[in-house]
Amino acid sequence: LEGQPIIPELAARGVIQQLFPLHEQRILKRLMKSWVQAVCEAQPLDDICDYFGVKIAMYFAWLGFYTSAMVYPAVFGSILYTFTDSDQTSQDISCVVFAIFNVVWATLFLEEWKRRGAEFAYKWGTLDTPAESLEEPRPQFRGTRRISPVTSAEEFYYP
């Protein structure tokens, strides 16, 4: 166990059955004021990252970005709807224009999110980290020991 986290090891050995981390009320109150009660302000993503972790913070960063980006198709669609005549030809043209707008918007949205997501990943120290290495393996997921046919070394095998 030297140098290894003790809680996952104890959970893997069956010593710990359940684990429920407790919240820190002081930090939760600060998050409540800066995040929940401040409706029109930017999300405190660094505080969210510090308290809940990178995965949750990245989710809320994406959700906030997506929500604010949806303003453009909503406004453009509303304007298009307002100024479109009621005849079928005008409505067909409006649908095509809106579809083209959405294709361009979606492309720009995805490219901008790639940039923003990379900024957050760099800021939070996960830029070069593969996604699967951010997850802890389940303690119940155990392999059987066997000799590797490639290296002839003992390894865990997961059928």
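Quick rundown of the values:
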read-out: Sorted by Cβ density within 10 Å, fewest first, the residues E41, E119; value: E41, E119
read-out: Estimated D of the chain in µm² per second, where Rh is the Kirkwood radius over Cα pairs and Stokes-Einstein applies at 20 °C, 1.002 mPa s; value: 102
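Read-outs: derived from the displayed coordinates by stated rules, not from any lab. Predicted model only: the values in this text are computed from it and were never measured. Neighbour counts are summed over all protein chains in view; Cβ atoms, including those assigned to glycine, are modelled from backbone coordinates with ideal geometry.
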